[in-house]
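*Asks:* Sharing a structure below in C-alpha cells format, with a few things to ask.
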Amino acid sequence: MKEINVGIVGYGVVGNGVAKILEEKNELLAKKAGIRINLKKVFTRNWNKKFPYPLSEEKKAFSLDELLHDRNLHIIVELTGGIDFPYDLMLKSIKNGKHIVTANKALLAEKGKDLFLQAEEKGIRIGFEAAVAGGIPIIRSLREGLIANKIQKIYGILNGTTNYILTKMFKEGRDFVSVLKEAQDLGYAEADPTLDINGTDAAHKITILASLSYGGFIDFLGVYIEGIENINSLDIDLGRELGYTLKLLAIAKLHNGEVEVRVHPTFLPSEHPLSKVDGVYNAVMVEGDSVGETMFYGKGAGSLPTASAVVSDIVDIGKSIALGVGREIEVTSMNWEHRDLSLTKTSDFYTRYYLRFTVPDITGILAKVSTVFAKYNISIAAVIQKEKVISFAGETKEKVVPLVILTHTASENNIQKAIKEIENQKITVEKTVLIRVEDEEK
Ligand code: HSE
C-alpha cells in the first residue's frame, strides 16, 4: 500500500483534531482510501503546554526546516492562522515541492491568486476544504458533485458566531451586546470576535466559494461587507411582523456577466430553509442550472468538524500522489476560466429593502416619504407605522415613531439617493436603518 507522509504546522484546536483522526482512524482511512497516511512530524512554537491530543515525542518538530527539508514528506498541513506567517510558509512549501492543505480562509481570499498561480506553476496542490464552513464538504461538492452545473447563485450562513448572536436576539428578544458577551463566556465567540462580527470572516469564505463557482480570482477589496454590530432588536421585531428572519447572509451570484459578492444582515422569509438554521450552525445553498436548488448544513467550526475537512484534503491529495495522475487538472480548479472576475459595484445591486425611518408623528410625513420614493422609481410593498414612541422632537416635542417601509425590488443607487433626499429634507430625526431583503417577488 502506498504510504503518504504528512506534517502539520500549528498545533491548536484544529491541529489536535487532525492528529487525533490521522492516528486513531489510521486503519479505517487505509481501508477506505487504499493508501496509508502517516502523520510524521508536527511543528508548533511551544511544546511546553498541555494539548488535548498529546503527541508522542518523536513526532514533535522544533524547526520548520524539519518538515520543509524532509524529502519523504509529501504534504504540509498549515493550521497557524493570520496571514504573513502562513503565506511565507506556503511559498516555502511550494518551493520545496510539498503539497499544502490549509484551513486559512483569510489568506486564500486575500492572497489566493498569487499562491494558486505559483502552486500551479510548480504542480503543487492546495487543499482548502476546511477554509469554508468547517465540516461541510462544500468545496468538494462544487468541484465534483456539482461540476455539471452553471452556478446561478451560491449563498448562505457562513459564520457561526454571528448566527448564534442573531438567533438569540431573534428568539429571546435580547440586545446585541448582552448576547455577544454570553457567546464569549461560552467560548462560541473568540476573545476578539471583530472579524466575525464585522462580516469579514463570512466575506473571506464567500470570496472563495465565488471564485470556485465562477472560475476566476476575485479582488477581495471589492467585496461588499457589512456586519451585525449595529443591529437593533427593534428591527428584528419589526421584520418578524413582516414575516422575516434576520441572518448574516453571504451571497454570490452572476449579474450581467459580473459577479456580485456581498455580505450583510439580510431579512429572509421566515419559511426559507436558511431561516431555520440556528445557533452556531452554518448552511450553504447552491442553485445550479441542472440540479436546481441544493442545501448543505453542518458545523462550521470546532476541532473535529474542521479536522474532518482537513483529512479529506489529505486523503484526496494523497490518492492523486499515489496514482500519479490528476495533479495538472486539479490545480487549475480555482481558476478554470483563467481570468480575474469583475465584481458588480454596490450601486448596481438590485434587491428588496427594509427601511426604518425615525419620524415625528405628524400630518403629511408619509406623503413626503412616498413622494421621494416615487421620484426614484421605488415601489412600496408594505408599510408599518407604530404608535410606539421612541423620543420627542422639536420645540413642540412631537412624538417620534418608527416608520418601516418594505420595498419591491429596487436599485441600490436609487435607494441611497432617496434616503439621502429624505434625510436632507429633515423628514427624519435619526439616521435611517437599511436592511436588504432576499425574497422573490410574489
Ligand atoms: N469564527 C468562525 C465562525 C469559524 O464563527 O464561524 C471559523 O471560520
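Where a number appears in this text, it was derived from the coordinates with a stated rule and is not lab data. From a predicted model like this one, the values you see are computed outputs, not experimental measurements. Virtual Cβ from ideal backbone geometry, glycine too; neighbours counted across all protein chains shown.
*Asks:* Fewest Cβ neighbours within 10 Å first, please rank L186, L55 accordingly.
*Replies:* The most exposed by this proxy come first: L186, L55.
*Asks:* On to the next question. If you average the sequence gap of Cα pairs under 8 Å that are 6 or more apart and divide by the length of the chain, what percent do you get for the contact order?
*Replies:* 17 percent
*Asks:* Quick one: what do you get for the range 179-251 if you divide its Cα Rg by 2.2 N^0.38 Å?
*Replies:* Values: Rg = 15.0 Å, N = 73, 2.2 N^0.38 = 11.2 Å.
That ratio works out to 1.33.
*Asks:* Right, something else. Between L91 and E66, what is 0.36 nm times their sequence separation minus the Cα-Cα distance? Round to one decimal in nm.
*Replies:* Separation in residues times 0.36 nm, less the Cα-Cα distance, equals 7.4 nm.
*Asks:* Taking the Cα centre of each part, how many Å lie between the range 258-295 and the range 1-30?
*Replies:* 32 Å
*Asks:* Can you tell me how the range 279-429 classifies by the Cα gyration tensor, rounded, prolate or oblate, using a/c under 1.5 as the rounded cut?
*Replies:* Numbers: a/c = 3.85, a/b = 2.49, b/c = 1.54.
Prolate, since a/c reaches 1.5 and a/b exceeds b/c.
*Asks:* Further question: Ranked highest first by the average count of other Cβ atoms within 10 Å around their residues, in what order do 115-124, 7-16 fall?
*Replies:* By packing density, highest mean first, the sequence is 7-16, 115-124.
*Asks:* Out of residues 5 or more away from Y244 or on other chains, whose amide H comes under 5 Å of its own, with H placed 1.01 Å from N in the peptide plane?
*Replies:* S270
*Asks:* Mind checking the full-extension length gain between K276 and A374? Use 0.36 nm per residue of separation minus the Cα-Cα distance, one decimal, nm.
*Replies:* So the chain would gain 31.7 nm between K276 and A374.
*Asks:* Viscosity 1.306 mPa s, temperature 10 °C: Stokes-Einstein D of the range 348-437 from its Kirkwood Cα radius, in µm² per second?
*Replies:* Approximately 120 µm²/s, per Stokes-Einstein.
*Asks:* Could you tell me whether the range 218-337 comes out rounded, prolate or oblate from its Cα gyration tensor? Rule is a ≥ b ≥ c as square roots of the eigenvalues, rounded for a/c under 1.5, then prolate if a/b exceeds b/c, otherwise oblate.
*Replies:* The shape class here is prolate.
*Asks:* Classify the range 138-299 as rounded, prolate or oblate from the Cα gyration tensor: take a ≥ b ≥ c as the square roots of its eigenvalues, call it rounded if a/c is under 1.5, otherwise prolate when a/b beats b/c and oblate if not.
*Replies:* prolate
*Asks:* Now for a separate question. Each residue of the range 226-239 in turn: what ³J(HN,Hα) in whole Hz from Karplus with 6.51, -1.76, 1.60 and θ = phi - 60°, glycine and Pro shown as x?
*Replies:* Each residue of the range 226-239 in turn: 9, x, 9, 5, 9, 6, 9, 4, 4, 6, 4, 5, 5, x Hz.
*Asks:* Multiply the residue separation of N46 and D175 by 0.36 nm, subtract the distance between their alpha-carbon atoms, and state the gained length in nm to one decimal.
*Replies:* Fully extending the segment from N46 to D175 adds 42.5 nm.
*Asks:* Provide the convex hull volume over Cα atoms per residue for the range 1-145, in Å³. Numbers along the way, then the final one.
*Replies:* Working: hull volume 18.0 nm³, N = 145.
So the per-residue hull volume is 124 Å³.
*Asks:* Say each of D348 and E387 gets a label point 7 Å from the Cα, pointing the same way as Cα to Cβ; how far apart are those two points in nm?
*Replies:* Result for the modelled spin labels: 4.8 nm.
*Asks:* Given a Förster radius of 45 Å and the C-beta distance between E337 and K397 as r, what FRET efficiency does 1/(1 + (r/R0)^6) yield to the nearest 0.05?
*Replies:* 0.15
*Asks:* In debye, nearest 20: dipole of the range 192-289 around its Cα centre with unit charges on the Cβ of K, R (+) and D, E (-)?
*Replies:* 180 debye
*Asks:* Per-residue counts of other Cβ atoms within 10 Å, averaged by peptide: what ranking do you get for 149-161, 195-207, 86-98, 333-345, highest first?
*Replies:* 195-207, 149-161, 86-98, 333-345
*Asks:* Return E258, E440 ranked ascending by Cβ neighbour count within 10 Å, so the fewest neighbours appear first.
*Replies:* Starting with the residue having the fewest Cβ neighbours, the order is E440, E258.
*Asks:* Averaged over every viewing direction, what's the projected area of the C-alpha convex hull for the chain? Give it in nm², one decimal, please.
*Replies:* For the chain, averaging the hull's shadow over all directions gives 23.1 nm².
*Asks:* Quote the relative contact order of the range 348-437 in percent (integer), defining contacts as alpha-carbon pairs under 8 Å separated by 6+ residues.
*Replies:* Details: 173 pairs, mean separation 44.0, N = 90.
About 49 percent, as a whole number.
*Asks:* Also, I was wondering about something else. With a 10 Å Cβ neighbour count serving as the proxy for reagent exposure, in which order, fewest first, do E241, E260 appear? All intermediate terms of the calculation are to be shown ahead of the outcome.
*Replies:* Working: E241 11, E260 22.
In increasing order of surrounding Cβ atoms, one gets E241, E260.
*Asks:* Something else: Can you check what the net charge comes to around I154, using other residues whose Cβ is under 14 Å from the Cβ of I154 (Lys, Arg +1; Asp, Glu -1)?
*Replies:* Numbers: positive: R143, K150, K153, K205, K253, R262; negative: E260, E287, D289, E293, E438.
Summing Lys/Arg as +1 and Asp/Glu as -1 gives +1.
*Asks:* A follow-up question, please. Suppose R0 equals 30 Å. What FRET efficiency, 1/(1 + (r/R0)^6) with r the Cβ-Cβ distance, do R140 and K420 give to the nearest 0.05?
*Replies:* Numbers: r = 45 Å, r/R0 = 1.51.
According to the calculation, E is roughly 0.10.
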